[in-house]
Amino acid sequence: MYTDKVMDHFLNPRNAVPMEEPDAMGRAGDPACGDALIFFLRVEDGTIRQASYLVFGCCASIATASMTSVLVQGKTLEEALAVTEEDVLVALDGLPPGKVHCSNLGVEALRSAIRDYRKGHDGKVETT
């Protein structure tokens, strides 16, 4: 039912830890299935240096949150905003049709975190 990549990210989730003092935090949830996701970012010079998350959900939600965190680390905020649900699905080699909606959570929470970052920084890029 699930691809090897989905099972790998489900059984060995990457970056599944709360982040102390994140630069930004975003949330997403799917009331229909009960899944919830909090996404954390640490940003330096306009680039995502660290992404982590906490997720409550099914195998697909966990795998898509994990893959989203992997895909965006090292990207600029603009590059991360360009990551789509389809990108996550492709990176995981797909999801069963009834679970495709789970790929929305990671990207939705990521975008929420980027909005949070920009709101707190007035759209300015912090330099170190």
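The values are calculated or read from the model by the stated rules, or taken from the named source; none is laboratory data. Quick caveat, the model's predicted, so the values are computed rather than measured. For neighbour counting, all protein chains shown are included, and Cβ atoms are generated from backbone atoms with ideal geometry for every residue, glycine included.
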Legend entry - Pick from the stretch 61-99, criterion more than 16 Å from Ala113 (Cα to Cα), out of contact with any strand residue (DSSP E or B) (no Cβ under 9 Å at 6 or more places or on another chain) and small (Gly, Ala, Ser), ranking: surrounded by the fewest Cβ atoms within 10 Å (Cβ to Cβ): Gly98
Inset, instruction - Filter the stretch 16-73 down to residues that are assigned to a helix (DSSP H, G or I) and polar (S, T, N, Q), then give me how many there are. - result: 5
Inset, instruction - Scan (1) touching an Asp or Glu at 6+ places or on another chain (Cβ under 6 Å); (2) polar (S, T, N, Q); (3) surrounded by fewer than 17 Cβ atoms within 10 Å (Cβ to Cβ) for the single condition Ser103 breaks and write down its number. - result: (3)
Legend entry - the stretch 1-35 - residue that is more than 16 Å from Tyr117 (Cα to Cα) and touching an Asp or Glu at 6+ places or on another chain (Cβ under 8 Å) and, of those, modelled with the lowest pLDDT: Gly29
Legend entry - Which listed residue, of Phe40, Phe56, is free of Cβ contacts under 8 Å to residues at least 40 places away in the same chain and of a type in the set (Phe, Trp, Tyr): Phe56
